[in-house]
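What follows is one structure encoded as structure tokens, with my remarks underneath.
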Amino acid sequence: MKKKLSARQIKKQLRWYPFLILSVLALVLFVYIPMGKTIQYSLYDVSIVGFGEKFVGLKNYRTIFGQSQFVRSIFNTFVLAFLGLLTIPLGFFLAVLINGLGKGKLQSFFRIGFYLPNIITGVSVVLMFAVVLQGNGGLLNIFLSKIFGREITIGWISDARYSKIGATILWCWSNMGYSMLINLASLQSIPGELYEAATVDGATPWNRIRYITIPLMRSCFTFLLVTGVISGLSRFTDLYIMGKNSAAGIPSGTLQTILMYIYQFSFDVPQFGLSCAGAIVLFVLVFAFTMVNVKMTGFLNDEEEV
Amino acid sequence: MKRKMISSILCAALAASLLAGYGSCEAAALDESEEFTLRLMGPGLLGTQGENGALDMVTGLETPGYNVIIDRWEELHPNVKLEIENAPWDSWQSAVQAAVLSGDVDVVLHGATLTALVEPLDEYLAADPEYAEQIYTTETRRTTDINDLTVATTTGIPYTLSPMICYLDKQIFEDYGIELPDENWTWSDMLSLAQQMTGTDPVTGKQTYGVQVDSMDNANNAFFTFQMVASAYDAQIFTYGKTVEDSTVDYTSEKAIKVFQMIKDLGECCSPTVREGVNVAYQLTAENDTAIRYSQNVFTHFNEAKVGEVEDRFVFMPVPVIEEGEHAGDPSSFKGCNNMAICNTSEHKDWAWEFIKFMSTDPVAVQWVIDCGQIPNVPEGLDTVREIMGDKADAISRTLETMPNEFSNSSTAYYNNINFGPVTATLGSVTLDLVKGTTTAEEAGQTMQTTIEEFLASK
């Protein structure tokens, strides 16, 4: 049975409502109304907002799904997002190595060192990697040429056959530090007694990782998986700059993501109806994928248990 | 006699009334007593220069700010204040749209392309034939926002021009024992020369490259070469009907494929950095390794060469000529510009027109354009440029004097970035692929065709 609030209690609680109203208003104004407008415009033919929108129903959706460019951008988005998940095992591997150093200055040094790329501006990273990954005299090719003993001139970001690999190298370098840090924090929260007991029982280092570390870090992996997929699905800046300031996904459209398609039809070729339809499709995909992830991994259940 | 007299009186009255009408119209349009602020919004030179000017990091030249323009304008028209708001090039169109919707814009800088937001200027030009004669060129667009697509409508007036000019390295030509071409050279001549000079320089022993295809590090400008070669071969891609649906697009014709093939062949004579579009160098320096370059920003290139004391090493020449069609023999140049347009929601359209005329022809404004390292839109301005550049300015004057007006815009039979979807981006992408050698001319044509057809399906 609900307890009735006294007038004094209600008055006391009311003082917090202005704070709540402000954030709710901001949420409505800056999130829900734009979202609603996006849904609305996806059903209209809009070249210039405010200058004669025409209702076209679901035609924009039919159009974008009829465009090989859009279908390819969905494919590119998912391939790049999944390749980008390599940051999780790489971050885990690094975390294990760094954790093995024991607590001290050396660990701090590597922790900061590997996290540094995360705080460098994306644009700088891309410009730097343009030099590292270029076909002619690029650092990666020089390195590979030394290893394989023959000249390698792969255009990692200019050749359509390799561009996704190049883009993934860049992504992993930029994001591995974050993954390492989360993995490390999770790794260090595992009680040391478990490892000691396993060692006494004769478990090998690999078995300790396999049967203790990995199962106990499941929620960490799930978190990284969900956030990694979401950020991977919304990749834009690095690919835009790598594509020579074009949203066409250069080379040959192989790096055009859904977000770049949306940008192209918003700013290069203003057809807001098409871009809004693309935005809704992206929203549905991200939402559905996140829900499946959450359901399959029991991410929210774990949170509740905690 | 009486009839003659009455006729004369009536004629005089008619003439007087017409003149009075014209005069009153002028007076009403430009009421010097009305005080208000004329608002300019958009990207371009005014914004780049800023209020107090800029410093060119390569040449070390200081260039003036737009305070010069404001001072001069307010000296001429003290009742009208100027307010200039810059829009960065990234997403400038949406920034201008938002400003126009708020009703705060009179002159749209670089607005010729925003056809739904700007006034058609043909009537203004017709009413001002002296001014029309004064300038080199206007900006025209084909748009259903104003007319049908068979009509090219003037939507903007440039205040700076950036014609595409070739820069030939005399030293490399001499080292290979090859004579410089004359102004009637063709794209095939350029290719042939480029092929001969791609290799090891017989004198210096250094690697040289025949040509630098322009803008390989900027996908948004990579279409320049296609437009020029297409105009040279008269490879008509767009045939305009009244609407987009009535128009036809053909990127797979024999001539279009010939254009793509030329770009691919030129690409084989480019340096690896150009082919890949990474770390592309444009400056004319003593370390130059490329026999033929072409790009806009001719004034900047001249200044670079002068600072490096190598201006005598480079010959400035118009791009190869148009080989077929009504303009055969003229340079197949492309010309960029900074233009101005009248916002169609402006309450001061006549003043906006006055400002456009001022910006393109006033001696102080023209000198400001030159001081900023740009080519003005009036022949008198080019005389001043000639005083600075000497005979190197001949390439500019020939290009500007002979180039058809409609070649300066996006509504030719060779290129259109307004009505047919992502033409610029896709053409940029296939051009980069062609120069890099990762696609064929036929595939490039098919990619363009498919992209546009899929876009037109939404219409």
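The values are calculated or read from the model by the stated rules, or taken from the named source; none is laboratory data. Fair warning: this is a prediction, and the values are worked out from it, not measured in the lab. Cβ coordinates were reconstructed from backbone atoms using ideal geometry, including for glycine residues, and neighbour counts include every protein chain displayed.
For this structure, a couple of remarks:
- Just one residue in the set A:Ile64, A:Ile39, A:Ile74 is out of contact with any Cys (no Cβ under 7 Å at 6 or more places or on another chain), within 14 Å of chain B (Cβ to nearest Cβ) and either touching a residue at least 60 places away in the same chain (Cβ under 8 Å) or surrounded by 14 or more Cβ atoms within 10 Å (Cβ to Cβ) (or both); that residue is A:Ile64.
- A:Leu140 within 14 Å of chain B (Cβ to nearest Cβ), crowded, with 18+ Cβ neighbours inside 10 Å, under 19 Å from A:Gly253 (Cβ atoms) and of a type in the set (A, V, I, L, M): no
- Candidate set: the stretch A:257-279, residues that are in a loop (DSSP other than H, G, I, E, B) and at the interface with another protein chain (Cβ under 9 Å from one of its Cβ atoms); chosen: the one modelled with the highest pLDDT: A:Gln271
- Hits in the stretch B:210-249 - residues which are of a type in the set (Phe, Trp, Tyr) and either assigned to a loop (DSSP other than H, G, I, E, B) or touching a Pro at 6+ places or on another chain (Cβ under 9 Å) (or both): B:Tyr240
Rundown of residues vs (1) closer than 30 Å to A:Gln69 by Cα; (2) buried (at least 17 other Cβ atoms within 10 Å of the Cβ); (3) not β-branched (Val, Ile, Thr), yes/no style:
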{"position": "A:Asn207", "(1), (2), (3)": "no, no, yes"}
{"position": "A:Thr213", "(1), (2), (3)": "no, yes, no"}
{"position": "A:Thr222", "(1), (2), (3)": "no, yes, no"}
{"position": "A:Gly228", "(1), (2), (3)": "yes, yes, yes"}
{"position": "A:Ser234", "(1), (2), (3)": "yes, no, yes"}
{"position": "A:Asp238", "(1), (2), (3)": "yes, yes, yes"}
{"position": "A:Gly249", "(1), (2), (3)": "yes, yes, yes"}
{"position": "A:Gln264", "(1), (2), (3)": "yes, yes, yes"}
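- A count restricted to the stretch B:167-213 and to residues that are surrounded by 21 or more Cβ atoms within 10 Å (Cβ to Cβ) and at pLDDT below 95 stands at 0.
- Qualifying residue in the stretch B:86-101 (condition: without any contact (Cβ under 8 Å) to a residue 12 or more places away in the chain and farther than 18 Å from B:Asn344 by Cα): yes
- Every residue from the stretch A:261-280 that is closer than 27 Å to B:Glu443 by Cα, in contact (Cβ under 8 Å) with a residue 60 or more places away in the chain and out of contact with any Phe, Trp or Tyr (no Cβ under 6 Å at 6 or more places or on another chain): A:Pro270
- Condition met for B:Ser429 (part of a loop (DSSP other than H, G, I, E, B) and either more than 24 Å from B:Glu139 (Cβ to Cβ) or within 12 Å of another protein chain (Cβ to nearest Cβ) (or both)): no
- Residue in the stretch B:379-392 that is nearest to B:Glu183 (Cα to Cα), counting only those that are under 17 Å from the mean Cα position of the chain (by Cα) and buried (at least 21 other Cβ atoms within 10 Å of the Cβ): B:Leu382
- Annotation: of all residues in the stretch B:243-258 being of a type in the set (Val, Ile, Thr) and in contact (Cβ under 8 Å) with a residue 60 or more places away in the chain, the one that is surrounded by the most Cβ atoms within 10 Å (Cβ to Cβ) is B:Val249.
- Test: B:Val321 is within 18 Å of the chain's Cα centre (by Cα) and without any contact (Cβ under 8 Å) to a residue 24 or more places away in the chain: no
- Listed by first and then second residue, the pairs with beta-carbon distance under 8 Å, at least 6 apart or on different chains, first residue in the stretch B:115-130 and more than 14 Å from every other protein chain (Cβ to nearest Cβ) and within 19 Å of B:Val378 (Cβ to Cβ), second of a type in the set (Ser, Thr, Tyr) and assigned to a loop (DSSP other than H, G, I, E, B), are B:Leu121/B:Thr138; B:Leu125/B:Thr138.
- Scanning the stretch B:268-308 for residues that are within 14 Å of chain A (Cβ to nearest Cβ), in a helix (DSSP H, G or I), buried (at least 22 other Cβ atoms within 10 Å of the Cβ) and of a type outside the set (D, E, K, R) turns up just one, B:Val274.
- Close pairs from the stretch B:440-459: first within 8 Å of another protein chain (Cβ to nearest Cβ), partner outside any helix (DSSP H, G or I) and of a type in the set (D, E, K, R), Cβ under 9 Å, at least 6 apart: B:Ser458/A:Asp45
- Some residue of the stretch A:175-184 being farther than 22 Å from A:Gly104 by Cα, away from every other protein chain (no Cβ under 14 Å), hydrophobic (A, V, I, L, M, F, W, C) and crowded, with 16+ Cβ neighbours inside 10 Å: no
Here is a yes/no grid of residues against (1) at pLDDT 90 or above; (2) crowded, with 18+ Cβ neighbours inside 10 Å; (3) assigned to a helix (DSSP H, G or I):
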| position | (1), (2), (3) |
| --- | --- |
| A:Gly52 | no, no, no |
| A:Gly91 | yes, yes, yes |
| A:Leu106 | no, no, yes |
| A:Phe109 | yes, no, yes |
